[in-house]
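Read-outs throughout are calculated quantities, based only on the coordinates presented, and are distinct from any laboratory measurement. If you're wondering where the values come from, they're calculated on a predicted model, not measured in any experiment. Every residue, glycine among them, receives a Cβ derived from its backbone with ideal geometry; neighbour counts consider all protein chains shown.
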Amino acid sequence: MQELLFVMGSLGILLLEKYVLANNSSFWIGAIVPIISIVFIVWLLATDRLQLDFLDILVSSVYISLSFIFWGQGQDLYHRRTVKKINKRIYE
């Protein structure tokens, strides 16, 4: 049950990152989730709540990588939306 809650929470946060935080004109707002995730994982390692075994490091690496990927995809969505608006104004 705890693993399912973790996965659902992670997916929710990553979707929030892609479609809300990174999908706007302020580039730095999208950096909130990746930075918080790095700080959170370092805190878990420092307080020995996360062990240094292969599975924990793999899950941490995948989550941090996905947060940066979703940040980039959110920025791409914003730029595509902006280009569509500009093209619509030019060709009307």
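Which count do you get for residues in the range 1-52 that are in contact with a Phe, Trp or Tyr (Cβ under 6 Å, 6 or more places away or on another chain) and on the phi > 0 side of the Ramachandran plot?
Residues that pass the stated criteria total 0.
Could you check the range 15-36 and list, in sequence order, the residues that are loosely packed, with under 12 Cβ neighbours inside 10 Å and among the polar types (S, T, N, Q)?
S25, S26
Take the residues in the range 37-58 that are surrounded by 15 or more Cβ atoms within 10 Å (Cβ to Cβ) and under 17 Å from V7 (Cβ atoms), then tell me which one is nearest to the chain's Cα centre (by Cα).
Per the stated criteria, the residue is S37.
Just checking: which of the helices (runs of 4 or more DSSP H) contained wholly in the chain hold 1 or more residues that are out of contact with any strand residue (DSSP E or B) (no Cβ under 7 Å at 6 or more places or on another chain) and charged (D, E, K, R)?
Once the helices (runs of 4 or more DSSP H) in the chain are filtered for at least 1 residues that are out of contact with any strand residue (DSSP E or B) (no Cβ under 7 Å at 6 or more places or on another chain) and charged (D, E, K, R), what remains is 2-16, 54-90.
When the residues of the range 1-14 are narrowed to those that are surrounded by 13 or more Cβ atoms within 10 Å (Cβ to Cβ) and of a type outside the set (S, T, Y), which ends up nearest to I69 (Cα to Cα)?
Top of the filtered list is L14.
Residues to consider are F54, F70; find the one that is among the hydrophobic types (A, V, I, L, M, F, W, C) and touching a helix residue (DSSP H, G or I) at 6+ places or on another chain (Cβ under 7 Å).
Being among the hydrophobic types (A, V, I, L, M, F, W, C) and touching a helix residue (DSSP H, G or I) at 6+ places or on another chain (Cβ under 7 Å) holds for just one of F54, F70, which is F70.
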